[in-house]
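The values are calculated or read from the model by the stated rules, or taken from the named source; none is laboratory data. Keep in mind that what you see is a predicted model, and the values were worked out from it rather than measured. A quick note on method: Cβ atoms are made from the backbone with ideal geometry, for glycine too, and the neighbour counts reach across all protein chains shown. The area values use the complete protein model at the heavy-atom level, side chains included, leaving out ligands, DNA and RNA. Shrake-Rupley method; radii C 1.70, N 1.55, O 1.52, S 1.80 Å.
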Amino acid sequence: MTVVEKLQEWKTLWLARKWMKSNARFLPAWHIYVGITERLFERFEKGAFPPVIAGKYGLDAELLAKWVDAGVAVGHLKRSKDGRVHAKREMLEYIEGGRHSSVGALIREMMELHMPTLLQYPRLLEGRQRLDFHAETHGPTVAETSSLLEKLAFPKIAGWLREHSARSVLDIGCGHAGYLIRLGRRFRDLRLLGIETNEAVAKEAIRKARAEALPNLELMHADIEQWSGPSAPVDLILMNNILHYFEPGRRRQLLRKARRLLSDNGSIALVTPLYLAPGGQPFSAAFNSFMAAHNNLHPFPTERELAAYAEEEGYAVDTVSPIIREGSWYFVGLTKQE
Ligand SMILES: C[S@@+](CC[C@H](N)C(=O)[O-])C[C@H]1O[C@@H](n2cnc3c(N)ncnc32)[C@H](O)[C@@H]1O
């Protein structure tokens with residue numbers, strides 16, 4: 001072996017090791033996904049022996065033992081001296097419906113929706129094909145993950161609403177109606193209307209709204225593109241996390257339709273990722289790679305593209321302010337022009 005070949009071998013090894021170290025982050029994500037899907041963290045909440053859990057729940061004992069070893073290695077599980085295994089408290093909090101708002105839905109969305117799509121990229125690139133996004137299967141998860149932004153985005157929406165003295169709000173693609181419910185709790189006299197095209201998501205929104213008993217909140221299962229509009233113009237339209245459902249031509253139509261539904265001093269508030277926005281380049285690039293791989297989803301616009309649609313359709317861009325910079329999520333406020 002020549003010196004050059006030896007050096008090349010060391011370099012190959014060094015690159016592989018460096019890659020393995022940085023890529024090891026996949027392991028915790030996989031581990032949590034399995035734990036959440038099979039409710040394993042709950043099984044180990046109070047401490048248990050893996051073979052006992054395998055027997056009790058009819059699981060493959062060898063695979064469970066390996067999952068437990070991986071969990072101990074990445075710090076999700078603890079093993080006592082007697083061999084009993086305990087789930088760490090934060091793992092239990094990750095479970096959907098857990099004590100804090102959950103990351104379970106985020107993990108599920110990444111592993112069941114984003115990763116499988118991104119793994120098909122070579123096939124899609126070569127075949128010049130696109131996938132279909134199955135809204136019936138993934139709609140509820142996507143609505144749930146979007147709602148995790150509410151806590152941070154809501155103060156900006158509430159501030160905008162006050163500033164513009166809005167008395168009525170229409171939320172297009174309202175998901176589980178989280179923004180409308182928060183608005184209804186805070187501003188008792190607002191007239192609130194939500195429209196949602198996914199039936200399962202709309203049903204869940206109606207269930208949540210009923211539990212709040214807000215007298216001025218109305219929810220509808222309908223498609224904004226088919227819908228004739230509310231009985232009277234509204235002062236504020238929300239369009240949160242919906243632009244990827246509309247290709248650019250239809251985004252303009254959506255803004256045009258919104259303009260017709262708005263009162264004279266009306267405005268639009270959007271919570272949306274902006275492609276390649278400062279600080280959020282990697283996240284928004286991954287997001288848009290995912291969107292572009294589908295026939296029925298469309299990449300998010302850059303700030304400049306969104307401003308161009310808005311200005312062409314008769315709005316002024318008043319505010320663009322970050323909600324989560326590293327996620328490229330922004331609050332955008334548009335006001336209707338004469
Ligand atoms: C990602 S979710 C966001 C939900 C909510 N706006 C939020 O930010 O938490 C987008 C929602 O828009 C709905 N949607 C998409 N196209 C629509 C249309 N044409 N009319 C009404 N709703 C639509 C989807 O079904 C989905 O539930």
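Listed values, structure above:
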{"read-out": "Residue count, region 206-242 (criterion: within 14 Å of the ligand (Cβ to nearest atom), aliphatic (A, V, I, L, M) and free of Cβ contacts under 8 Å to residues at least 60 places away in the same chain)", "value": "6"}
{"read-out": "Condition check for Y94: in the same structural domain as R25 (by TED's automatic domain parsing) and in contact (Cβ under 8 Å) with a residue 60 or more places away in the chain", "value": "yes"}
{"read-out": "Unmet requirement for S168, which otherwise passes all of (1) more than 23 Å from Q337 (Cα to Cα); (2) touching a strand residue (DSSP E or B) at 6+ places or on another chain (Cβ under 6 Å); (3) away from the ligand (no atom under 14 Å from the Cβ)", "value": "(1)"}
{"read-out": "Output for region 68-106, where each listed residue is farther than 16 Å from K46 by Cα, open to solvent by less than 40 Å² (accessible area, probe 1.4 Å) and either at pLDDT below 85 or assigned to a loop (DSSP other than H, G, I, E, B) (or both)", "value": "G75, S102, G104, A105"}
{"read-out": "Enumeration of residues in region 300-318 that are among the small types (G, A, S) and touching a residue at least 40 places away in the same chain (Cβ under 8 Å)", "value": "A310, G314"}
{"read-out": "Those residues of region 125-134 which are open to solvent by 70 Å² or more (accessible area, probe 1.4 Å) and either under 16 Å from N296 (Cβ atoms) or not in a helix (DSSP H, G or I) (or both), in sequence order", "value": "R128, Q129, R130, D132, H134"}
{"read-out": "Residues of region 245-270 satisfying the condition of being open to solvent by 20 Å² or more (accessible area, probe 1.4 Å) and under 24 Å from the mean Cα position of the chain (by Cα)", "value": "Y245, E247, P248, G249, R250, R252"}
{"read-out": "Region 28-60, subset open to solvent by less than 40 Å² (accessible area, probe 1.4 Å), among the small types (G, A, S) and in a helix (DSSP H, G or I), residue farthest from A105 (Cα to Cα)", "value": "A54"}
{"read-out": "Residues of region 185-196 satisfying the condition of being open to solvent by 20 Å² or more (accessible area, probe 1.4 Å) and touching a residue at least 40 places away in the same chain (Cβ under 8 Å)", "value": "R191"}
{"read-out": "Number of positions in region 271-284 that are open to solvent by 70 Å² or more (accessible area, probe 1.4 Å) and within 11 Å of the ligand (Cβ to nearest atom)", "value": "0"}
{"read-out": "Residues of region 140-178 satisfying the condition of being open to solvent by 20 Å² or more (accessible area, probe 1.4 Å), in a helix (DSSP H, G or I) and modelled with pLDDT of 95 or more", "value": "P155, K156, G159, R162, E163"}
{"read-out": "Breaking point among (1) open to solvent by less than 50 Å² (accessible area, probe 1.4 Å); (2) free of Cβ contacts under 8 Å to residues at least 24 places away in the same chain; (3) within 13 Å of the ligand (Cβ to nearest atom), for T137", "value": "(1)"}
{"read-out": "Residues of region 323-338 that turn out to be of a type outside the set (D, E, K, R), over 28 Å from F133 (Cα atoms) and in a strand (DSSP E or B), as a count", "value": "3"}
{"read-out": "Candidate set: region 313-333, residues that are buried (at least 18 other Cβ atoms within 10 Å of the Cβ) and in contact with a Ser or Thr (Cβ under 6 Å, 6 or more places away or on another chain); chosen: the one nearest to N265 (Cα to Cα)", "value": "G333"}
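Residue-by-condition table, conditions (1) in contact with a Leu (Cβ under 7 Å, 6 or more places away or on another chain); (2) open to solvent by 40 Å² or more (accessible area, probe 1.4 Å); (3) over 28 Å from E42 (Cβ atoms); (4) not in a helix (DSSP H, G or I):
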{"residue": "H114", "(1), (2), (3), (4)": "no, no, no, no"}
{"residue": "R123", "(1), (2), (3), (4)": "no, yes, yes, no"}
{"residue": "L180", "(1), (2), (3), (4)": "yes, no, yes, no"}
{"residue": "L183", "(1), (2), (3), (4)": "yes, no, yes, no"}
